[in-house]
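A short write-up of the structure that comes next.
All of the numbers you see were taken from the coordinates with simple rules; none came from a lab. Predicted, not measured: the structure shown is a model, and the values here were computed from it. Ideal geometry is used to build each Cβ from the backbone, glycine not excepted, and the neighbour counts take in all protein chains shown.
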Amino acid sequence: MRLVFLILLIIPAYLRAQTESGAQAQTLSEVEFEFKQDWAHAYVESIDDSTHVIAISTYSEFRIGELMVLRSKDSAGQIIGFFEIRSIENKNSEKYVVKAKLIRHSKYALIQIGDVLNRMDLKTYHREYKGNTELILKNNEIDSSASYKSLVFMGLSTGETAQTLREGEFLVNFLGYIDYGYSENLLLGTLSLAGIFGATNFHAKYKFYESESNIFSFGSSYLQGTDSPNGVVSATLYWDSISSESVISHTNLTVALATFDRAKNLAAIKVAGTSSFQSGYEFIMDDWNRVLAGPSYNFESKSVGGYISYLWIWDHVHTLLGFGTTDVSKLVYNLEQGYYLNFDLYWRF
């Protein structure tokens, strides 16, 4: 009887162990499926200094400047860092020496000999890639997911950043706001819905300086009012700055060079061309969504405003929801002088 009792205890324990083992195997299988084994990889052979590693590979199509993920040889291939390829040397027809520079490293793991550098899949969202400023600024792939790209547009009421679109890239929001990347540094655009109703308008932005931590652009816009023969001409200086590994600051100063009387009532719409100063922060979440917040000052109405929004980003679609104000002292729901709901939906492709 005791033997039967022991068998009844042992069998469930054995089955549970098999189930847990199978679950671990399934987890590994899922990782292998997500990052296919036939992808290019290189094995860390040595640590050159505090920021560079030397890796060996048989793959011949790596590119200088390409982003790589570093997977630990332990912990079931967990991602512990991100690297940028700096040089490639062909030792012989079947061996390549890859030198890579550290972009970001997990504080919970050490780099070891034998860790694996894998090509990154930037075409779609991966939960293993955690949001950070370094990856956004280093990513130059035109067909990558919008999650990994720098923000160009923060909604119709908040305006644009110092960044420009990639050459040949479009950005279109649900009200017909259109941006086009004429070149890597020049963006052209219009609010087509306003044009349909007779308000001729266009805007342009040129990125004239970019470093690892700062970006400066100059923008100009024109809007012809439907109830006035006079048009609005404005000029904007944009400045983006890296504040930390997950925060980017956006600052812009807009000066209306020519305007009409009703322009100050359109302060909530950045393309309306009123003189203003705006400063804010972009907080990058682990899942690459963004929190946007900051103050603004409108020179025409002499009022202090601001905005706070949450931006969901998918591979091409952006959805923004929050609220803004053109005058924090006016506790009313009013687009011209008060608080308003901030919603936007736009595509980047």
Where does each of H316, H126 land when they are ranked from fewest to most other beta-carbon atoms within 10 angstrom? H316, H126
Please tell me which of these pairs span more than 22 angstrom C-alpha to C-alpha: K101/K149; K73/K149; K73/K99? K73/K149
For segment 54-152, what is the Kirkwood estimate of the hydrodynamic radius, computed as the reciprocal of the mean inverse distance between distinct Cα atoms, to one decimal in Å? 14.2
Putting +1 on Lys and Arg Cβ atoms and -1 on Asp and Glu Cβ atoms, find which of L171, S221, N334 reaches farthest to the positive end of the dipole of segment 149-348. N334
For segment 48-101 and segment 299-348, what is the separation of their Cα centres, given in Å? 43
Please report Rg (one decimal) and Dmax (integer) in Å for the Cα set of segment 149-348. 15.8, 49
A correct fewest-to-most ranking of L122, L331, L165 by other Cβ atoms within 10 Å would be L331, L122, L165
Over segment 149-348, what is the percentage of antiparallel beta bridges among all DSSP beta bridges, to the nearest 5? 100
Taking every pair of Cα atoms in segment 287-349, average 1/r, invert it to obtain the Kirkwood radius, and report Rg/Rh to two decimals. 1.07
If you look at just the Cα atoms of segment 120-253, how large are its Rg and its Dmax in Å? 16.1, 55
